[in-house]
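The values are calculated or read from the model by the stated rules, or taken from the named source; none is laboratory data. The model shown is predicted, which means the values in this text are computed figures rather than measured ones. Cβ atoms come from the backbone with ideal geometry, glycine included; neighbour counts cover every protein chain shown.
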Amino acid sequence: MNRRAWLLMALLAALWGASYLFIKIALDDGMTPVFIVFVRILLGAVVLVPIALYAGGLRPMRGLAGPVLFMAVVQVVGPFLLITYGERHIASSLTAILVSAAPIITALIAVRYDDEERPRGIAAAGVVMGIVGVVLLFGLDLSGDGEAIAGGLMVLLASAGYAIGSLYLKHNLQGSPPIGLAASTLVAGTLVLIVPALLVPPPHAPSLGTAAALLALGAGGTGLGFAIFFTLIVEVGPGRASLVAYIAPGFAVLYGVWLLGEPLAGSWIAAEGRVPGRARATGVAPLEAPPPLREPA
């Protein structure tokens, strides 16, 4: 990859690493996952559609309603919902770590369907190591907690959606302008979620901080983020583009530690401060002064 591709990937990693933080903020404020995802996709579309219109990127998308709808469901709506539901039960840093399974799943699918993206040599060894890492996360950090395991599986399923969508884009939408494809996909995703969002509204209006988090999540992590991601897929291929999933967790951990107070210690990050076999840490209670000594009668 050239220098431009690496710079785009670093920017995308910073944006997507922050997305898990913003999702957690909205969830903590009581927003429903469907509402969060709908607002996220809607704001992303609001950002990208004018840019795509100005660049003439929407015109080539005519006649591609079917592929665009498939991308919207598999690459956007499905993974976003799964990640948001999953993050109700696991830390934002663990969510980002599990999403990094996307390149592994991409490589596994490519073994059967895409010889160009098939891992070989040291890349194949890396895939095996990645699989072992995911197994260890589930075996050590999520063992004994049914809700956390379910949340982790949701995030892994979202990673599979990202992998399938990337390979589908390469084989069925190659040559489409990235900005037009990103904008069209987000518009289709918005249309898919309008009715569910109306049927499952949040219990109250978002707070000012949550509104700011949703704005950053939608305009930055989704709008700008997907424009960069689709550009990388077109320029360097889905396998290399999906490597951003290895970089984003580093940003997610930093954001989680600094802004959410999530613990930092190896896989302890993923376990929300839990030593395997013990209950999750809920924070350290303040020390109380000992009771005064009673005078003898």
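Things to note:
- Among the residues making up region 189-218, a single one is closer than 26 Å to Ala65 by Cβ, surrounded by fewer than 22 Cβ atoms within 10 Å (Cβ to Cβ) and small (Gly, Ala, Ser): Ala197.
- In region 131-147, the condition of being at pLDDT 80 or above and either closer than 27 Å to Leu15 by Cβ or over 16 Å from the mean Cα position of the chain (by Cα) (or both) is met by at least one residue.
- Taking residues in region 150-177 that are free of Cβ contacts under 8 Å to residues at least 60 places away in the same chain, and partners anywhere that are surrounded by fewer than 24 Cβ atoms within 10 Å (Cβ to Cβ) and in a helix (DSSP H, G or I), not one pair has Cβ atoms closer than 7 Å while being at least 6 places apart or on different chains.
- Tally, over region 90-112, of residues that are touching a helix residue (DSSP H, G or I) at 6+ places or on another chain (Cβ under 6 Å) and assigned to a loop (DSSP other than H, G, I, E, B): 3
- Taking the criterion of being surrounded by 24 or more Cβ atoms within 10 Å (Cβ to Cβ), touching a Leu at 6+ places or on another chain (Cβ under 8 Å) and hydroxyl-bearing (Ser, Thr, Tyr), the residues of region 155-188 that qualify are Ser159, Ser184.
- In summary, Gly66 fulfils each of the numbered conditions (1) farther than 15 Å from Tyr168 by Cβ; (2) assigned to a helix (DSSP H, G or I) with the single exception of condition (1).
- Selection status of Met31, assigned to a loop (DSSP other than H, G, I, E, B) and buried (at least 23 other Cβ atoms within 10 Å of the Cβ): yes
- Which listed residue is closer than 30 Å to Arg62 by Cβ and touching a Ser or Thr at 6+ places or on another chain (Cβ under 7 Å), from Ser242, Ser184: Ser242
- Just one of (1) buried (at least 17 other Cβ atoms within 10 Å of the Cβ); (2) assigned to a helix (DSSP H, G or I); (3) at pLDDT 90 or above fails for Pro50. It is (1).
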